[in-house]
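*Asks:* Can you keep this structure in mind? I'll have questions shortly.
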Amino acid sequence: MKKGLNWLLLLGVVVLAVLPLLLVQDSEFGGADGVAEEAIKEISPSYEPWFQPLLEPPGGETESLLFAVQAALGAGVVGYAMGLYKGRLDKSKK
């Protein structure tokens, strides 16, 4: 029962993270990539990128959302690993 609830909660988090990507179409928020691209074009107008992105997000804010989700997942993995090893260390001391 508890594992099923955990998977359901994880699915809910994923849906909440992906749903704005699909629903918000014309979001505008500039990031470092856009500023860097403008600076490169200013320095060397003939520069052409080596490749194009496989998936272009619908707006700039979605890039920020993806970065935040990536950071949260990374923090979750690190926190889980630290808790797991701390728990193992406490059990071995008993």
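The values are calculated or read from the model by the stated rules, or taken from the named source; none is laboratory data. Just so it is clear, the structure is predicted and the values come from calculations on it, not from any experiment. Cβ coordinates were reconstructed from backbone atoms using ideal geometry, including for glycine residues, and neighbour counts include every protein chain displayed.
*Asks:* Determine whether the range 59-81 contains at least one residue that is of a type outside the set (Asp, Glu) and more than 18 Å from the chain's Cα centre (by Cα).
*Replies:* So far as the range 59-81 goes, yes, one or more of its residues are of a type outside the set (Asp, Glu) and more than 18 Å from the chain's Cα centre (by Cα).
*Asks:* Moving on. Between a first residue in the range 55-71 that is within 17 Å of GLY34 (Cβ to Cβ) and a second residue that is of a type in the set (S, T, N, Q), which pairs have beta carbons less than 6 Å apart while being 6 or more apart in sequence or on different chains?
*Replies:* Going by the 6 Å Cβ cut-off, the qualifying pairs are PRO58/GLN25; GLY59/SER27; GLU61/SER27.
*Asks:* Any idea which residue in the range 37-57 is farthest from VAL18 (Cα to Cα), counting only those that are hydrophobic (A, V, I, L, M, F, W, C) and modelled with pLDDT under 85?
*Replies:* TRP50
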